[in-house]
Amino acid sequence: MNDELILEDFLPYRLSVLSHTVSTTLGRMYEKRFGLSIPEWRVIAILGRFPGLSAAEVAERTLMDKVAVSRAVTKLIRSGRIDRRFADADRRRSILNLSDEGQRVHDDVAALALAFERDLLQGTDEKTYADLNRALDRLLDESRRLDTLSE
């Protein structure tokens, strides 16, 4: 590390470029094969793992903007990929679940995403992969700690 900021060597910038590149590539694949935007896929993915969430809970778990989640939910309801019902106790709270079609899309996209991950990591041995995961976990923890200090 040195004291001069060289953007292309700056870790936050490099992580952002990597994230953007991977997300854009996956997004094109999701759009072409399934007609899904990235926010729509994230809603499907989170409901596949945690059924019965509200839109606010989806936003919380995905760290997505509530407006982006709301738009994605609206499109997914219209396309028949998720179902919405209202909670008996609180009619303002909607409960979201994948429809049968949504579950099929989830399973197909998940297979595509996992294949992409395998291709991305091709040539990476188990130790390097474990080291990468440990480093990412540590960086995420430290970033969260620094975020709490900045409040």
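The values are calculated or read from the model by the stated rules, or taken from the named source; none is laboratory data. In this text the structure is predicted, and so the values were computed from the model without any measurement. Counting neighbours? That spans all protein chains shown, and the Cβs are built from the backbone with ideal geometry, glycine included.
Show the residue pairs meeting these rules: Cβ distance below 8 Å; 6+ apart or different chains; first residue within region 29-48 and under 15 Å from Ile77 (Cβ atoms); second residue charged (D, E, K, R) and assigned to a helix (DSSP H, G or I). Here the result reads Ser37/Glu31; Ser37/Lys75; Pro39/Arg71; Glu40/Lys75, each pair linking region 29-48 to a residue that is charged (D, E, K, R) and assigned to a helix (DSSP H, G or I).
Of everything listed in (1) closer than 20 Å to Phe116 by Cβ; (2) outside any helix (DSSP H, G or I), the single unmet condition for Leu26 is (2). A Cβ distance below 7 Å, combined with a sequence gap of six or more or placement on separate chains, defines the contacts here; from region 103-130, residues that are on the phi < 0 side of the Ramachandran plot reach no residue that is exposed (fewer than 11 other Cβ atoms within 10 Å of the Cβ) and at pLDDT 95 or above. Scoring Leu63 on the criteria (1) at pLDDT 95 or above; (2) on the phi > 0 side of the Ramachandran plot; (3) of a type in the set (A, V, I, L, M) leaves a single failure, condition (1).
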